[in-house]
Amino acid sequence: MSTMPAPADIGRRNAIPIIHTSGTYYEVGFDVGRTFRGIIEDFLASLADLKETLLPAYETEAGRAAYDATLASLQENFPHYVRELQGTADGARVPFHHLMLLHMDQIVPKAAGMGREAGTNGCSSVCTNYEGQVLLGHTEDALTETLNHVYLVSAHIEEEEPQGKLGTRSEGFTALCYAGHLPGFCMGYNHHGLVYSINVIFPEKVVAGKTPRHFLTRALLSAKTMEQGQQILRDRGTGSADGFSVNMSFTKQEGDHLFHNAEVGPTVDGNESPMSILTISPGEHHIHTNKFLRLTTIPEESGLCMDSSNHRHARAQDCCPPETRTALLALLSDTHDEVHPFFREGVETGIVKTVALGVFDILERTWTIWMKNPRSSDSLITLPLLFTWTD
């Protein structure tokens, strides 16, 4: 029987695969790589940024030095996550350094003098904290090649000995992942009750030899309390290499439901991350995009990402306040701004598409995911938030 070749453009698929896996860090990584080998291979083969920027930067003396210094720091502080990524590379049968470069997406090119357009990721997050409406909504915006190259990882990790600077032995989480990336960089939750989403930020200066944001957000999936979350993000002794924002809630916290937004900057001086934390109390909401709202003394790159962030914040002022689930979804699915909408189809200016939209309902303990715009499509799946594993 003859087969037809797959079309080059398959459109926006209304599908997302999930793996349930248990084992050591390496074993979990291997299972992810083996299971999603086709998706990872397709993503790497199509990713212009890897072929045109990351790999050429890696081949320069300065780029390779930045890569080696950063990897050495990771092997000292977070060797278990390096093993996890090695497992993914082995399982998918792709070169390890190709995957690691995805986690140094600003560090290596900047060291090589090959800066990228500050618009390779996006994301908008909304924390809604009102009576009966305790929600975290998030659009996952990424390079256009990332569309249809995402999956969910539900993992339970166990090691016999404490791992890394944090002494982690066990983890349980479910997270949305870009193909070939460590969990934690998009949105997800852990079995201790942490729910969170990430917004990337593009400071002018990033620092080789420090901890890439992908690894700090990966470590955040192990946090049991807000105090531990702050400790992970502060990363005393090393500090963050680049910039990002975390929107989070520790749902097992006693008392009122609270959200926290943490802005984390690059560790240009010293050995711990600059950080600012805002608490969103009952009766409040908060919107965060891809710019610093409080760490404003840190210079940021101009360009697409900053323009888009400014447009989204301006548009939010014209929309109904996201005080309900309906209003939150209306904002995150908004396409009124034809150049810089909240929900990006990729036909606008730039190289970014919204690859998924998620809403965590803290009171209902659910995570609902859309792969298409909620204005014209039903949600694909609603997952229960399972806070069941114990130490």
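Every read-out reported here was derived from the displayed coordinates using simple, explicitly stated rules and does not represent laboratory data. The model shown is predicted, which means the values in this text are computed figures rather than measured ones. Cβ: placed from backbone, ideal geometry, glycine included. Neighbour counts: every protein chain shown.
Mind listing the phi-derived Karplus ³J(HN,Hα) values for the stretch 358-370, rounded to whole Hz, using 6.51, -1.76 and 1.60 with θ = phi - 60°, and x for any glycine or proline?
x, 10, 8, 9, 5, 6, 7, 6, 9, 10, 9, 10, 10
Choose one of Pro282, Ala262, Gly243: the residue whose Cα lies farthest towards the positive end of the charge dipole of the stretch 180-295 (beta-carbon charges +1 Lys, Arg; -1 Asp, Glu; about the Cα centre).
Gly243
Longest segment of the chain with no GluC sites (Glu not before Pro) in a DSSP loop having at most 12 other Cβ atoms within 10 Å?
That gives 132-253 as the longest site-free run.
Would you list which aspartates and glutamates come within 19 Å of Lys252, measuring only between C-alpha atoms, while excluding same-chain residues fewer than 8 positions from it?
Glu131, Glu171, Glu227, Asp361, Glu364, Asp391
Once phi is turned into θ = phi - 60°, what whole-Hz ³J(HN,Hα) does the Karplus curve with 6.51, -1.76 and 1.60 give for every residue of the stretch 50-60, x standing for Gly and Pro?
Once rounded to whole Hz, the list reads 5, 6, 9, 10, 5, 5, x, 5, 4, 7, 7.
Could you run the Karplus curve 6.51 cos²θ - 1.76 cosθ + 1.60 with θ = phi - 60° over the stretch 133-147 and give me ³J(HN,Hα) per residue in whole Hz, x for Gly and Pro?
9, 10, 9, 10, x, 7, 9, 9, 10, 8, 3, 4, 5, 6, 4
Here are a few candidate values for Rg/Rh (Cα atoms, Kirkwood Rh): (i) 0.97; (ii) 0.93; (iii) 1.09. Which one was actually calculated from the structure I just gave you?
Working out Rg/Rh (Cα atoms, Kirkwood Rh) from the coordinates points to (ii).
Could you pull out every residue, at least 5 positions away or on a different chain, whose amide H is within less than 5 Å of the one on Val355? Hs are placed 1.01 Å off N in the peptide plane, and Pro or chain starts have none.
Glu140, Asp141, Ala142
Let me know the shape class of the stretch 18-111, please: from the alpha-carbon gyration tensor, a ≥ b ≥ c as square roots of the eigenvalues, rounded when a/c is under 1.5, otherwise prolate if a/b is greater than b/c, or oblate.
Oblate, since a/c reaches 1.5 and b/c is not below a/b.
List every residue whose amide H lies under 5 Å from the amide H of Leu194, counting only residues 5 or more places away in sequence or on a different chain, with H placed 1.01 Å from N in the peptide plane.
Under 5 Å from the amide H of Leu194: Thr251.
Between Phe343 and residues 5 or more places away or on another chain, which pairs have amide H atoms under 5 Å apart, with H built 1.01 Å from N, and which residues are they?
Asp334
For the stretch 60-128, state which trypsin sites (Lys or Arg not before Pro) are in a DSSP loop and have at most 16 other beta carbons lying within 10 Å of their beta carbon.
Answer by residue number: Arg93.
Within the stretch 172-200, what residues put their amide N at less than 18 Å from the label point 7 Å along the Cα-to-Cβ vector of His313?
Taking a point 7 Å out along Cα→Cβ of His313, the residues of the stretch 172-200 whose backbone N falls under 18 Å are 198-200.
Calculate for the chain the 222 nm mean residue ellipticity that helices alone would give, adding -39,500 (n - 2.57) per DSSP H run of length 4 or more and normalising by residue count, nearest 500 deg cm²/dmol.
Helix contribution divided over all residues of the chain: -8000 deg cm²/dmol.
Grab the Cα-Cα distance for Ile19 and Arg236, subtract it from 0.36 nm times how many residues apart they are, and report the gain in nm with one decimal.
Gain on extension, Ile19 to Arg236, equals 74.8 nm.
Distance check, please: which entries in Lys51/Lys205; Lys110/Lys372; Lys210/Lys353 exceed 26 angstrom between their Cα atoms?
With Cα atoms farther than 26 Å apart: Lys110/Lys372; Lys210/Lys353.
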